[in-house]
Amino acid sequence: MPEGYIIVQVYIADQAIPLANANVIVSKPTESGEEVVRIMKTDRSGKTAIIAVPTSPAANSQTPDGGERFFKYNIRVDYPGYRTVENVNVPVFDGQTSIQPVGMIPLAEGQEKGKTVTVIEEEPFENE
């Protein structure tokens, strides 16, 4: 099966400071819910290791009725003192590396948990 790749890059302070040791979960939506693909932590530069994931063949992009052009993945990032951030429907293409930036939002002082911030990714544009 063809593979694409994901790197998650986690920041605080409007992407000024990388966040080390953030918990990252990559999952694939399925008909019965979600299947966890990988659980890991960010390094001191705020990045995960490169994650290889199954995706659609690049040839599917060559014709209008070629089938799925990419697979979608969900990325969830947790870190103590910050809201959980979920990026939903992150597209991954055959042979390509998707770098997913995630900006963490601090909790209010004294707050232990906050609402999850969900970011719905847009469909990639078609070439015109």
Next item on the list: Name the one entry in 60, 74 that is surrounded by 14 or more Cβ atoms within 10 Å (Cβ to Cβ) and either at pLDDT below 90 or assigned to a loop (DSSP other than H, G, I, E, B) (or both).
Entry: 60
Checklist line | Residues satisfying the stated conditions in the stretch 16-47, i.e. closer than 13 Å to residue 79 by Cβ and among the hydroxyl-bearing types (Ser, Thr, Tyr) | finding: 42
Note to self: Taking the criterion of being in contact with a strand residue (DSSP E or B) (Cβ under 7 Å, 6 or more places away or on another chain), buried (at least 17 other Cβ atoms within 10 Å of the Cβ), at pLDDT 95 or above and assigned to a loop (DSSP other than H, G, I, E, B), would at least one residue in the stretch 8-21 satisfy it?
What the structure shows: yes
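Kindly evaluate residue 42 against the criterion of being more than 29 Å from residue 105 (Cα to Cα), buried (at least 18 other Cβ atoms within 10 Å of the Cβ) and out of contact with any helix residue (DSSP H, G or I) (no Cβ under 9 Å at 6 or more places or on another chain).
Against the criterion (more than 29 Å from residue 105 (Cα to Cα), buried (at least 18 other Cβ atoms within 10 Å of the Cβ) and out of contact with any helix residue (DSSP H, G or I) (no Cβ under 9 Å at 6 or more places or on another chain)), residue 42 does not qualify.
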Notebook entry, point to check: Among 36, 85, which is the only one that is within 14 Å of the chain's Cα centre (by Cα) and in contact (Cβ under 8 Å) with a residue 24 or more places away in the chain?
Noted result: 85
Check: Has the stretch 40-50 got any residue that is under 12 Å from the mean Cα position of the chain (by Cα), at pLDDT 90 or above, part of a strand (DSSP E or B) and more than 22 Å from residue 1 (Cβ to Cβ)?
Finding: yes
Note to self: If I ask for residues that are modelled with pLDDT under 80, more than 21 Å from residue 34 (Cα to Cα) and surrounded by 10 or more Cβ atoms within 10 Å (Cβ to Cβ), which ones from the stretch 88-128 would you list?
What the structure shows: 111, 114, 124
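The values are calculated or read from the model by the stated rules, or taken from the named source; none is laboratory data. Only a predicted model underlies this, so the values are computations on that prediction, with no experimental measurement involved. Please note: Cβ atoms are built from the backbone with ideal geometry, for glycine as well, and neighbour counts cover all protein chains shown.
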